[in-house]
Amino acid sequence: MIEHLLKNKEQIIKKMEKINGLSYNINEYWIEDNFDKPIEMSFAGGDGSYNHIDYISFSFFGVGAVSFRHKIGEKIKKTKDTYIFDISHPLDIETKLRTYMLTLELKTALYTLKNYDIDYYIIDGSLFSLLIFAKTNIDKADKNKFDSIYKEYKKELDKKIDEELKSGEIGIISKDLELDREDKLLVEHAEYMVTLTKLLKEFKDKLIGISKTSKINIYFNAEIPDIAVFTKFTNKEGYSTPINFIKMLGKKKGEGHSQLSSVMKGINFINEYNGNIETAYIQFVRLEDNCGVVGITSFNKIDKDVLSSLKEISVNGYPYILKKSHETVEITNKKLQSIAKMLNIDDPIARHILGKKKKF
């Protein structure tokens, strides 16, 4: 192995030197600001997690979501958490659990926004990843069949989701339906879609996605992501001018920009189901000197007052509610193994490695 690495060592070093030697006109997009004029605001945010153990006969899994609220000047408070532990057929377990996790995250967001006076709800990761997932999960299936199932179950799911949000007993409605595996996956995704469109319809303008990583390079069309450019060439607090890339690219079916084609396709897809997304903004922000740059996605333009207020609930340039949510909800290998031991599961393990996944 080492000898193969050594053969490519100089080539790798030259490529890194080339990347590090690039320069960009940062001042065209970056605005330094110390965010010293916060206004009284109440934020909430959440995260989800899942994990599974694959046995010979089935997969034992855990999936959950949690949300916290944080008003400027006050202590952080939990608003809702929900967990599901169950067994399932091991085939397509990753797709199923990702669908469950995202659905629970969206439901906890809906519950929080409906029951508390919240100015903005922060989602861990890009908002656009929710739209991409909506489409890519169906790309693997028969869209006509999904549309038929969606039409059949939409009214019932919508009613039961409203009942969940009223009672606070949040779960996966479609989990225990007696259907064949393929149809059940489609109904589970229909539940995700109904939940997502409900959230967009009622609270779209209150959603903010915050990401520590991003592959998009819409600002510089560079060989490295925009977030890397802003990180390398700035160190002070500040923000980039927000870009409404729907306006920039036009309502195309994904053509025009390779990095954003999946986002555009996701937006067009969700709009087929009354997502009503007409604007989609992205920008990059550093909330504290010499700390990391984060990516911010939203469906309306985020102004400096919001960023200043967001700084007030952040630690080292990152919202504390997201850090707290992640630490609280994480279903580690150790936790899941302990729960499996409590259940006295004696089925042989298929693989001695637990799959631990987070959102993309």
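Using the Cβ-Cβ distance between residue 224 and residue 40 with R0 set to 51 Å, the FRET efficiency from 1/(1 + (r/R0)^6) comes to roughly 0.85. In order along the stretch 334-349, phi translates into HN-Hα couplings of 4, 4, 5, 5, 5, 5, 4, 5, 4, 7, 6, 5, 10, 5, x, 7 Hz, rounded to whole numbers, per the Karplus curve 6.51 cos²θ - 1.76 cosθ + 1.60 with θ = phi - 60° and x for Gly and Pro. The mean sequence separation of alpha-carbon pairs under 8 Å and at least six residues apart, normalised by the residue count of the stretch 178-289, gives a relative contact order of 28 percent.
Taking amide H atoms as placed 1.01 Å from N in the peptide plane, the amide H of residue 71 lies under 5 Å from those of 43, each 5 or more residues away in sequence or on another chain. Entry note, the chain: relative contact order of 27 percent, from Cα contacts under 8 Å with a spacing of 6+ residues. Taking amide H atoms as placed 1.01 Å from N in the peptide plane, the amide H of residue 55 lies under 5 Å from those of 60, 350, each 5 or more residues away in sequence or on another chain.
Residues whose amide H comes within less than 5 Å of that of residue 281, counting only those at least five positions distant or on another chain, are 298, 299, 300 (H built at 1.01 Å from N in the peptide plane). For the stretch 168-184, backbone phi angles converted through the Karplus equation (6.51, -1.76, 1.60; θ = phi - 60°) give residue-by-residue couplings of x, 8, 8, x, 10, 4, 7, 4, 9, 5, 8, 9, 5, 4, 5, 5, 5 Hz, Gly and Pro being listed as x.
Each of (i) 21.7, 63; (ii) 22.7, 75; (iii) 24.5, 82 is a candidate for Rg and Dmax of the Cα atoms in Å; the one calculated from this structure is (i). Inter-label distance, residue 156 to residue 201: 1.9 nm, where each label sits 7 Å from its Cα along the C-beta direction. Taking 7 Å steps out from each Cα toward its Cβ at residue 183 and residue 344 produces label points 3.6 nm apart.
Extension gain for the segment residue 261 to residue 86, taken as residue separation times 0.36 nm less the Cα-Cα distance, is 59.4 nm to one decimal. Each of the peptides 87-97, 116-126 was scored by the mean count of other Cβ atoms within 10 Å over its residues; in descending order, highest first, they stand as 116-126, 87-97. Of the residues 126, 174, 73, the one whose Cα sits farthest toward the positive end of the charge dipole of the chain, with +1 on the Cβ of Lys and Arg and -1 on the Cβ of Asp and Glu, is 126.
Take each peptide in 310-318, 172-180, count the other Cβ atoms within 10 Å of every residue, and average; sorted highest first, the result is 310-318, 172-180.
3J(HN,Hα) along the stretch 223-232: 7, 10, x, 4, 4, 6, 5, 5, 5, 6 Hz, from the Karplus curve 6.51 cos²θ - 1.76 cosθ + 1.60 with θ = phi - 60°, whole Hz, x for Gly and Pro.
Throughout, read-outs are computed from the coordinates displayed, never taken from laboratory work. Model, not experiment: these values are computed from the prediction. Cβ: placed from backbone, ideal geometry, glycine included. Neighbour counts: every protein chain shown.
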